[in-house]
Structures are given as C-alpha cells and as structure tokens.
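For reference, the structure discussed in these notes is given below.
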Amino acid sequence: MSVEKLVVIGQGYVGLPLAIRAVEAGLDVVGLDLDDSRIKRLGAGESFIEDITTARLTAALATGRYRPTSDYGDAKDFDVCVISVPTPLRDGAPDLSYVEHAGSSIAPYVRPGCTVVLESTTYPGTTEELLRPLLEEATGLQSPGDFHLGYSPERIDPGNPTWRLENTPKVVSGVDATALARVDGFYRRIVEQTVAVDSTRVAELTKLIENTFRQVNIALINELTMCASELGVDVWQAIDAASTKPFGFMPFKPGPGVGGHCLPIDPCYLSWQVKRTLGRQFRFIELANDINHEMPQHVVQRLMVGLNKQGRTINGARLLLIGLAYKKNTADMRDSPAVEVAARLRALGADVRAVEPYAEAHHIPTGVTVVDLTEAEVDAADAVLIVTDHDGLDYEMIGRSAKYVFDSRNRCTGRVVERL
Ligand SMILES: NC(=O)c1ccc[n+]([C@@H]2O[C@H](COP(=O)([O-])OP(=O)(O)OC[C@H]3O[C@@H](n4cnc5c(N)ncnc54)[C@H](O)[C@@H]3O)[C@@H](O)[C@H]2O)c1
C-alpha cells in the first residue's frame with residue numbers, strides 16, 4: 001500500500017522535521033499540535049526550529065500538502081500516524097501522559113489497515129504494554145490483525161548540518177512482521193536507510209542505549225576534567241592526543257553539564273524501569289547523572305576562584321555569559337546548564353548579561369539581559385564565561401579584550417583565558 005496521508009502528532013524538534021521531510025517526499029501531511037501559538041506560527045510560515053528554514057517551511061505550505069492544525073478531526077482517513085510528543089520525567093519517573101493523550105485523541109481515526117508509529121523516547125515495553133491496549137480498547141480493533149503498530153526511535157541532532165533526518169539511518173520495528181514491513185516501507189520514503197529490528201522493545205532500548213552511552217561518557221570525561229584540573233594537567237590536549245588512536249577510542253568533550261530533552265532524561269527511563277522491574281539500581285546511570293548535574297555548580301565555583309585571584313567577588317561583578325542554549329547553534333534552552341549557571345550567579349549577586357544569538361525573548365531567564373557581542377561589552381565585564389560555544393562569535397576578540405575568561409568549552413585562547 002502506498003502511503004498517502006500522514007499525521008504527525010507533535011510539531012516540535014522531532015515532529016516538525018519529519019512532517020516537512022514527508023511533504024518533500026510527496027506525502028499529504030497533517031501536522032498536529034495542541035499548542036495553538038505554534039500552529040499559528042507554522043501556518044504563517046514562521047519556523048521556530050533552526051533545522052527547518054523558513055524557506056523549507058514556506059515551500060512545504062505552498063505545496064498545499066502540509067497542514068499544521070490543532071484539530072484532531074483533520075486526522076480523518078490517515079494511512080500512517082507518527083506520535084512524537086514529549087516524554088518528560090515527573091518526580092523522577094517517566095511521564096507518559098502526553099503519549100496517552102495523543103493515543104486517546106488519535107484512536108477515533110484509527111481504522112483497519114492503518115499504521116501507528118511511536119517515536120517518542122521511552123522505556124522498553126511502552127509500545128506494546130501501554131499504547132497497544134490503549135488503542136485496542138478505544139477502537140475495538142486489534143494489533144496485530146486490524147491495524148499496524150510500531151516503534152521507531154528518533155535520532156534528530158538539532159543544529160547538525162551533516163547528519164540530518166534523511167541521511168541518518170532509522171531503526172524501525174513492528175509488533176509483527178506485517179507491521180514491521182509497513183513501518184519500514186513508510187520510513188523508506190522519508191530516509192535513505194532503515195535498520196529493521198525484531199521487536200518494538202529492541203527499538204525502544206536502542207534509543208536508550210544511544211543516549212545512556214553519551215550521558216555516561218560525558219560524565220566520565222567531566223569527572224576526569226575536574227581531577228585533571230586539580231592535578232594541573234591539560235585534559236583538552238590529552239583528549240586530542242588520545243583521539244589520534246585510530247581504534248578503541250571515541251572522544252567526548254567536557255562541558256558545563258548536559259541539557260535538552262534527551263540526555264538528562266532518557267537514561268532515567270532505563271534506570272526507572274530496571275528499578276521497577278528488577279528491583280536494583282542502574283549504577284552507571286545514577287553516577288553519570290550525579291556527575292553531570294554537578295557541573296554547573298563546578299563551573300560557578302571555578303569562576304568564583306578565578307575572579308578571586310583578580311581580587312574580585314562574584315557579588316557585584318558584571319559577568320558576560322556566552323550562550324544560554326544547552327547546545328551550540330540552537331535556541332533550545334530546555335534544561336540548559338547555562339540557564340542554571342546564570343541563576344546561580346545571579347543568586348550570588350552578579351549582574352548577568354548574556355550573548356545568545358538564537359534567543360527568543362520569552363525564553364530568556366528572568367534577570368538576565370541579552371546583549372550583542374561587542375568589544376565594549378566584553379571590556380566592561382569583570383569576567384566572560386563561555387558556556388555554549390555557538391559558531392560565528394568572535395572568540396579571538398573575547399580572548400583579546402576581556403579582563404578574565406573562564407572557558408568551559410575550550411573555544412578561546414589568550415593570556416587571560418582559563419579553561420574548565
Ligand atoms: N529534541 C531532540 O533533539 C530529541 C532527540 C531525540 C529524542 N527526542 C524525543 O522525541 C520526543 C519529542 O521531543 P521534542 O523535542 O520534539 O519535543 P517538543 O516539546 O519540541 O515538541 C513536542 C510537541 O508536542 C506537542 N504535544 C504535546 N502533547 C500533544 C498532544 N497530545 N497532541 C498533539 N500535540 C501534543 C507539544 O505542544 C509540542 O509542540 C520526546 O520523547 C523526546 O525525548 C527528542
């Protein structure tokens with residue numbers, strides 16, 4: 001069966017790129033989101049996600065085959081529905097209420113032969129233990145049997161110009177061989193390569209392996225960096241040197257902490273499930289979370305010591321933060337360590353200004369003034385703190401003009417620069 005009508009529930013960092021790519025691949029796409037303001041902006045051709053340029057969004061709208069909407073009624077007669085809604089934590093436990101809400105809302109439009117795919121990151125078993133019974137009860141249909149159900153983890157890397165949705169291999173799964181064939185057939189129209197796995201649980205775990213691997217390795221290098229700094233060894237040079245080993249080593253960079261919707265959250269889905277099902281701790285994840293959560297405070301502490309050496313205190317200091325987003329070249333401030341650093345510095349009495357070229361006014365933390373990166377701003381600051389190393393900023397000027405720079409990303413050089 002050729003897919004004609006696609007519904008993508010959730011038009012955020014994951015759902016919007018998928019919807020636009022599907023339009024470009026020739027599908028009719030309904031982009032569903034309960035956030036009216038997002039839908040209005042999308043309808044007006046205004047993208048809020050860096051990876052989707054205004055030109056691409058406008059072109060998608062111009063085809064007449066992309067319909068952003070908050071009305072589930074527009075999902076009627078869909079062939080494939082992809083669910084890409086948030087899966088946050090609530091009091092340390094998975095909050096699947098968005099998935100449940102999306103499932104209940106799409107259920108009236110599920111009909112025999114259609115396909116539903118979950119993309120939201122979650123613990124193994126969610127598709128078959130939570131989404132399947134929910135859809136079966138609401139529709140009176142069965143899967144396998146009447147409709148097809150699958151899971152495909154999402155690998156969007158916001159701001160990555162090399163690895164985009166279409167050229168990143170996509171892991172696909174289904175509740176049976178027919179569902180897998182449907183899910184695979186759909187994604188083959190969207191991406192260059194699919195990787196089929198045997199079950200939805202394997203696909204769900206695949207995503208958690210990927211993110212846990214990153215979280216643990218970042219924590220390892222963060223702890224190593226804190227120790228190396230006290231030992232007086234240049235960890236950055238050591239990482240570069242270790243990276244010349246052509247096998248058995250993969251470089252991870254230290255930083256001010258992890259943020260966004262993935263790394264601080266997804267591994268907790270796994271540790272929560274291990275605890276719930278096996279009754280024991282996933283120690284690597286617990287430890288990695290602890291170390292990575294420590295980093296914003298460590299950065300503040302190091303800045304405090306650095307300022308102290310200049311005869312200054314944080315209280316009353318004018319500080320210029322470079323970057324507020326959790327990731328370079330993006331606007332995403334969700335759980336950003338930079339936002340935590342700014343809050344801690346303000347609580348200590350600093351006047352905090354920030355350079356954030358991607359900032360949207362309503363996301364700027366309270367009490368932080370966003371300024372342009374000028375020599376005058378750098379010169380007037382008691383210290384510059386590089387938290388997010390967006391490209392396109394004049395780091396040479398910062399190194400030259402600042403009184404003191406604490407660089408948590410190894411982006412700046414100069415006599416007054418101290419690195420994490
Ligand atoms: N952002 C990333 O880089 C990334 C990477 C990997 C995995 N993920 C995972 O993908 C999933 C989605 O993340 P995201 O970053 O796209 O989130 P997002 O917050 O950017 O977008 C989710 C959208 O879903 C909408 N929504 C929520 N409930 C809804 C409902 N019932 N019906 C319709 N719309 C609804 C929200 O209004 C929001 O616009 C999460 O599980 C996340 O962990 C995200």
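The values are calculated or read from the model by the stated rules, or taken from the named source; none is laboratory data. Note that the structure is predicted; figures quoted are calculated from it, not measured. Counting neighbours? That spans all protein chains shown, and the Cβs are built from the backbone with ideal geometry, glycine included. Protein only, heavy atoms only, side chains kept; ligands, DNA and RNA dropped before computing areas. Shrake-Rupley method; radii C 1.70, N 1.55, O 1.52, S 1.80 Å.
Given the criteria in a helix (DSSP H, G or I) and open to solvent by 80 Å² or more (accessible area, probe 1.4 Å), does GLN301 qualify?
Yes.
The set of residues in the stretch 6-51 that are open to solvent by 40 Å² or more (accessible area, probe 1.4 Å) and either in contact with a Cys (Cβ under 6 Å, 6 or more places away or on another chain) or away from the ligand (no atom under 13 Å from the Cβ) (or both) comprises ARG21, GLU24, ASP28, GLY43, ALA44, GLU46.
Scanning the stretch 165-175 for residues that are open to solvent by 10 Å² or more (accessible area, probe 1.4 Å), away from the ligand (no atom under 15 Å from the Cβ) and under 19 Å from THR121 (Cβ atoms) returns a single hit, VAL175. Summed over the stretch 186-220, residues that are in a helix (DSSP H, G or I), more than 16 Å from the ligand (Cβ to nearest atom) and either among the basic types (Lys, Arg) or surrounded by fewer than 18 Cβ atoms within 10 Å (Cβ to Cβ) (or both) total 5. Selection of the stretch 84-131 for residues being among the charged types (D, E, K, R) and in contact (Cβ under 8 Å) with a residue 60 or more places away in the chain yields GLU119, GLU128. I'm trying to understand the selection: among the residues of the stretch 74-117, which are open to solvent by less than 10 Å² (accessible area, probe 1.4 Å), within 9 Å of the ligand (Cβ to nearest atom) and under 24 Å from the mean Cα position of the chain (by Cα)? Within the stretch 74-117, ILE83, THR87, VAL99, ALA102, GLY103 qualify.
Considering only residues in the stretch 256-275 that are within 15 Å of the ligand (Cβ to nearest atom), hydrophobic (A, V, I, L, M, F, W, C) and over 14 Å from the mean Cα position of the chain (by Cα), the one that is nearest to LEU324 (Cα to Cα) turns out to be CYS268.
Going through the stretch 275-288 one residue at a time, which ones are part of a helix (DSSP H, G or I) and within 17 Å of GLU210 (Cβ to Cβ)? PHE284, ILE285, ALA288, listed by residue number. Against the test of being more than 16 Å from the ligand (Cβ to nearest atom), assigned to a helix (DSSP H, G or I) and at pLDDT 95 or above, the options VAL384, VAL341, VAL352 yield a single qualifying residue, VAL341.
The listed residues are ILE291, ILE314, and the only one of them that is assigned to a helix (DSSP H, G or I) and closer than 24 Å to SER229 by Cβ turns out to be ILE291. Remark: pairs (first residue in the stretch 15-28, farther than 13 Å from LYS5 by Cα; second residue of a type in the set (Ser, Thr, Tyr); Cβ separation under 6 Å; 6+ apart in sequence or on different chains) = GLY15/SER84. Of all the criteria given as (1) open to solvent by less than 10 Å² (accessible area, probe 1.4 Å); (2) within 15 Å of ALA402 (Cβ to Cβ); (3) not in a helix (DSSP H, G or I), the one not satisfied by GLY306 is (3). Set side by side, the residues THR162, THR122, THR178 differ, and just one is open to solvent by 10 Å² or more (accessible area, probe 1.4 Å), part of a loop (DSSP other than H, G, I, E, B) and either hydroxyl-bearing (Ser, Thr, Tyr) or away from the ligand (no atom under 15 Å from the Cβ) (or both), which is THR162.
Out of the residues in the stretch 57-73 that are open to solvent by 40 Å² or more (accessible area, probe 1.4 Å) and in a helix (DSSP H, G or I), which is nearest to ALA107 (Cα to Cα)? Applying the filter and picking the extreme gives LEU61.
Within the stretch 242-270, if we keep just the residues that are part of a loop (DSSP other than H, G, I, E, B) and of a type in the set (A, V, I, L, M, F, W, C), the residue that is nearest to GLN297 (Cα to Cα) turns out to be VAL258.
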